[in-house]
Amino acid sequence: MRRRLLGLLLAVLVLAGAATSHAAEQKELNFGIISTESSQNLRTLWDPFLADMSKALGMKVNAFFASDYAGIIEGMRFKKVDLSWVGNKGAMVMVDRAGGEVFAQTVDTDGNDGYWSYIVARKDSGIRNIEDMFARAKDLSFSNGDPNSTSGFLVPGYYVFAKNGKDPKKIFKRVVTSNHEANALAVANGQVDVATFNNEGMARLQLTHPDKAAKLAIIWKSPTIPSDPLVWRKDLPDSVKKKISDFIFSYGVSGPNAEKERKILADLQWGPFKKSDNRQLLPLRQLELFRDKMKVEDSDMSASEKAARIAEIDSKLAVLAKEAK
């Protein structure tokens, strides 16, 4: 018995030592960034911010640009990504499956902590609204967003398609998927007829490709979506989390370089960050459940299966409603 206790004590000491060593040894951070446009464009915008972050934290901060949301989510799951800028939909997956935790929220240059999803068409297409789009859908090509994108997929998927009892794959002549910038350029260049987009992407496009932006018409605008969160690995050492928090929430707010920092944030189309947590994701979780409920109601399930599934969804919605209070 004594030998067993000594063995357990030794194991605990070894694990504690390993944890302490890991915290002490952390000299680099991998920052995951969603690829809303070409990596080269994003790198130009992000490098000054990440350089300031690296200096403030006293450790190297590496930019990790993934070709899709899944790459960043899996990166966090396997501890290859330590913190990330990601949409609310991607953040939900990170929190649920990849050990992530929301700790901050982006704010635009006007102080708004929300943004909007769009569906766009060419101005010369004759498509003025989603009613026109639905009427001509069988002859149109549609570019959807990444399945883990909030504004590119989840929000239009619910408000435009689910609420109108439409399935994009069934109503359009052709359906493809891409990121925000590629979607907009594909419409402007006549490669697809309609596509998902958002107001942040439009503002960027007006700077980078004003001639292409001028060809686009917004045929649908969503209700306000909570601004993108910043997510970190929940198991990061507390000392590292404190350094990150101190940097993020003072950046562009105080200090001798605040004005320069606000310019760097403005280039990213942001103002100073605000604090947040996983509760930011509640409206989107509710939206997903409402969409699931509509699918069940329109399904071929038996009456008993349908009732059981709807009761399960209603129960989850009730829990979320309590958490939101």
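The values are calculated or read from the model by the stated rules, or taken from the named source; none is laboratory data. Computed from a predicted model, the values in this text were never measured in an experiment. Here the Cβ positions follow ideal geometry from the backbone for every residue, glycine too, while neighbour counts run over all protein chains shown.
Per-residue answers, yes or no, for (1) surrounded by 22 or more Cβ atoms within 10 Å (Cβ to Cβ); (2) within 27 Å of LYS221 (Cβ to Cβ):
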site	(1), (2)
GLY75	no, no
LEU83	yes, no
ASP96	no, no
GLY99	no, no
VAL102	yes, yes
ASP110	no, yes
TYR115	yes, yes
ALA121	yes, yes
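Could you grab me the full set of residues in the range 123-146 that are assigned to a helix (DSSP H, G or I) and of a type outside the set (Lys, Arg)? Walk me through how you get there before you give the answer.
So the first thing to find is which residues in the range 123-146 are assigned to a helix (DSSP H, G or I), and the list is 123-125, 130-139.
Listed by number, the residues that qualify are ASP124, SER125, ILE130, GLU131, ASP132, MET133, PHE134, ALA135, ALA137, ASP139.
Could you grab me the full set of residues in the range 62-93 that are over 15 Å from the mean Cα position of the chain (by Cα) and more than 23 Å from SER276 (Cβ to Cβ)? Hits for the range 62-93 are ASN62, PHE78, LYS80.
Filtering the range 201-215 to residues that are part of a helix (DSSP H, G or I) and either crowded, with 20+ Cβ neighbours inside 10 Å or free of Cβ contacts under 8 Å to residues at least 40 places away in the same chain (or both) leaves GLY201, ARG204, LEU205, GLN206, LEU207, PRO210, ASP211, LYS212, ALA213.
With a requirement of 1 or more residues that are over 18 Å from TRP232 (Cβ atoms), small (Gly, Ala, Ser) and touching a residue at least 12 places away in the same chain (Cβ under 8 Å), the strands (runs of 3 or more DSSP E) lying completely within the range 25-122 that satisfy it span 117-122. Any residue at all in the range 303-311 that's of a type in the set (Lys, Arg), buried (at least 17 other Cβ atoms within 10 Å of the Cβ), in contact (Cβ under 8 Å) with a residue 12 or more places away in the chain and not in a helix (DSSP H, G or I)? No, that holds for no residue. Does ASP300 fit the bill of being in a loop (DSSP other than H, G, I, E, B) and either modelled with pLDDT under 95 or over 27 Å from VAL102 (Cα atoms) (or both)? The answer is yes for ASP300.
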